[in-house]
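Engineer: Pasting in a structure now, in structure tokens, and then I'll have a few things to ask.
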Amino acid sequence: MEVFFTTATLQNYLNSLKNKTVGFVPTMGALHAGHIALVNASLAETDFTVCSIFVNPTQFNNTDDFAKYPRTTDDDLEQLRDAGCTVAYVPETPEEVYAGYVTQTFDFKGLDQPMEGQHRPGHFQGMANVVYRLFDIVKPTKAFFGEKDYQQLTLVTQIVAPLFSGLTIVPCPTLREADKLAMSSRNRRLSPEARQTASKIPLLLQGAQFAYATIGQFAEIDMAIFKKSILKDFERHPDIELEYYEIADETTLLPATSNTPKNQLRQFIACNVGGVRLIDNMPLITG
Ligand code: AMP
């Protein structure tokens, strides 16, 4: 695996590749099996795979969260080598990434308004700018993003990627631990007690799936009332500090109504457990 710490050396290398398809997996490091699944998908679908490791300061709305974000570069590079990744791009400063770049203000057409957008002001502008910048540097044929960050995947697919001709965004399913907690770099910051609490998040989401399927057999479901009943379930778990729980149309990200096609219903959650912010999402209908 080639490892590049500067943008210029990466670009020299990429320019020497002729007629090859380039797969790209942007990450913030602290890699886990979920990230490696993206790398594997890219290795399977393209000739060369570039994985970037860059904790982008401009997408953190909270400086403490940025400072505490886990950084494990040596271990990350070992995992990428083991996976057979072709190239790692590890810029060590924001200047390395952003030199010569003029920050843009993206029009997200409202997709940035609900959920993460409401709770993390500025996050999506920062995210879209770094993704745009990295696409411009790597010039990938395909870029791989996890459904774990569903709103991000939607914004990148609908708003950022269309600015690059010939680029396809490949969505990848969320990898989960044995107890179904979504894998996340932030999970390493959970105390053993908080880790136990966190395992209730997927159970509550699966509980909502079960409730929807069960009630739906007998009656037309009013989404607002249904959501309220799920929120009541969360109230029974005060160790999960809920930021939001939403049931939305997964294409528009707007709150679901009775007109939303059932196979587009998706539940989204953000919460704090033991001082660590976790997000997850699941369809409302299984199978
Ligand atoms: P991050 O390093 O958290 O910025 O994530 C980099 C990429 O990995 C993003 O496209 C994430 O959606 C994806 N990702 C993070 N966690 C998971 C997971 N558990 N399963 C699948 N993809 C993931």
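Every residue, every condition in (1) more than 12 Å from the ligand (Cβ to nearest atom); (2) under 12 Å from Gly34 (Cβ atoms); (3) out of contact with any helix residue (DSSP H, G or I) (no Cβ under 8 Å at 6 or more places or on another chain), yes or no:
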| site | (1), (2), (3) |
| --- | --- |
| Val170 | no, no, no |
| Leu190 | yes, no, no |
| Lys200 | yes, no, yes |
| Leu203 | yes, no, yes |
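Engineer: Pairs needed: first member in the stretch 10-25, closer than 18 Å to Ala83 by Cα; second member anywhere, in a helix (DSSP H, G or I) and acidic (Asp, Glu); C-beta distance under 7 Å; at least 6 residues apart or different chains.
Structural biologist: Gly23/Glu45
Engineer: Please enumerate the residues belonging to the stretch 83-104 that are among the hydrophobic types (A, V, I, L, M, F, W, C) and more than 22 Å from Gly34 (Cα to Cα).
Structural biologist: Pass one, the stretch 83-104, residues among the hydrophobic types (A, V, I, L, M, F, W, C): 83, 85, 87-88, 90, 97, 99, 102.
Once the filter is applied, which keeps residues that are among the hydrophobic types (A, V, I, L, M, F, W, C) and more than 22 Å from Gly34 (Cα to Cα), the stretch 83-104 yields Val97, Ala99, Val102.
Engineer: Would you confirm whether any residue within the stretch 229-244 is assigned to a loop (DSSP other than H, G, I, E, B), more than 30 Å from Pro70 (Cβ to Cβ), of a type outside the set (Val, Ile, Thr) and without any contact (Cβ under 8 Å) to a residue 60 or more places away in the chain? Before you say what the answer is, go through the steps one by one.
Structural biologist: Here is the first cut: in the stretch 229-244, the residues assigned to a loop (DSSP other than H, G, I, E, B) are 236-240.
Now drop any that are not more than 30 Å from Pro70 (Cβ to Cβ), which leaves 236.
Next, only the ones that are of a type outside the set (Val, Ile, Thr) stay: 236.
From the residues that got through so far, the ones that are without any contact (Cβ under 8 Å) to a residue 60 or more places away in the chain too are 236.
Yes, some residue in the stretch 229-244 is assigned to a loop (DSSP other than H, G, I, E, B), more than 30 Å from Pro70 (Cβ to Cβ), of a type outside the set (Val, Ile, Thr) and without any contact (Cβ under 8 Å) to a residue 60 or more places away in the chain.
Engineer: So which of Arg176, Arg186, Arg236 ends up being within 16 Å of the ligand (Cβ to nearest atom) and over 30 Å from Thr141 (Cβ atoms)?
Structural biologist: Values: Arg176 fails: over 30 Å from Thr141 (Cβ atoms); Arg236 fails: within 16 Å of the ligand (Cβ to nearest atom).
Going through Arg176, Arg186, Arg236 in turn, just one is within 16 Å of the ligand (Cβ to nearest atom) and over 30 Å from Thr141 (Cβ atoms): Arg186.
Engineer: Quick check on the stretch 196-223: of everything there that is without any contact (Cβ under 8 Å) to a residue 12 or more places away in the chain and in a helix (DSSP H, G or I), which residue is nearest to Ile285 (Cα to Cα)? Even if it seems obvious, please write down each step before you answer.
Structural biologist: Step one: of the stretch 196-223, the residues without any contact (Cβ under 8 Å) to a residue 12 or more places away in the chain are 196, 210, 214-219.
Keeping just the survivors that are in a helix (DSSP H, G or I) gives 196, 210, 214-216.
Numbers: Gln196: 26, Phe210: 8, Thr214: 11, Ile215: 12, Gly216: 10 Å.
Among those that are without any contact (Cβ under 8 Å) to a residue 12 or more places away in the chain and in a helix (DSSP H, G or I), it is Phe210.
Conditions (1) in contact with a strand residue (DSSP E or B) (Cβ under 9 Å, 6 or more places away or on another chain); (2) surrounded by fewer than 19 Cβ atoms within 10 Å (Cβ to Cβ); (3) at pLDDT 95 or above; (4) hydrophobic (A, V, I, L, M, F, W, C), marked per residue:
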{"position": "Arg195", "(1), (2), (3), (4)": "yes, yes, yes, no"}
{"position": "Ser199", "(1), (2), (3), (4)": "no, yes, yes, no"}
{"position": "Ala213", "(1), (2), (3), (4)": "no, yes, yes, yes"}
{"position": "Ile230", "(1), (2), (3), (4)": "yes, no, yes, yes"}
{"position": "Asp239", "(1), (2), (3), (4)": "yes, yes, yes, no"}
{"position": "Asp249", "(1), (2), (3), (4)": "yes, yes, yes, no"}
{"position": "Ser258", "(1), (2), (3), (4)": "no, yes, no, no"}
{"position": "Ile285", "(1), (2), (3), (4)": "yes, yes, yes, yes"}
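Engineer: Next up: Which ones in the stretch 32-63 are part of a loop (DSSP other than H, G, I, E, B), more than 9 Å from the ligand (Cβ to nearest atom) and among the polar types (S, T, N, Q)?
Structural biologist: Thr46, Asn61, Asn62
Engineer: Related question: Filter the stretch 114-139 down to the residues that are surrounded by 19 or more Cβ atoms within 10 Å (Cβ to Cβ), over 17 Å from Phe54 (Cα atoms) and not acidic (Asp, Glu) and list them by number.
Structural biologist: Answer for the stretch 114-139, where residues must be surrounded by 19 or more Cβ atoms within 10 Å (Cβ to Cβ), over 17 Å from Phe54 (Cα atoms) and not acidic (Asp, Glu): Met115, Gly117, Arg120.
Engineer: Considering each residue of the stretch 13-31, count those that are in contact with a strand residue (DSSP E or B) (Cβ under 9 Å, 6 or more places away or on another chain), among the polar types (S, T, N, Q) and either at positive phi or part of a helix (DSSP H, G or I) (or both), and give that number.
Structural biologist: Residues flagged as in contact with a strand residue (DSSP E or B) (Cβ under 9 Å, 6 or more places away or on another chain), among the polar types (S, T, N, Q) and either at positive phi or part of a helix (DSSP H, G or I) (or both) within the stretch 13-31 amount to 0.
The values are calculated or read from the model by the stated rules, or taken from the named source; none is laboratory data. No experiment lies behind these values; they were computed from the predicted model shown. When we count neighbours, we look across all protein chains shown, and the Cβ atoms used for this are built from the backbone with ideal geometry, even at glycine.
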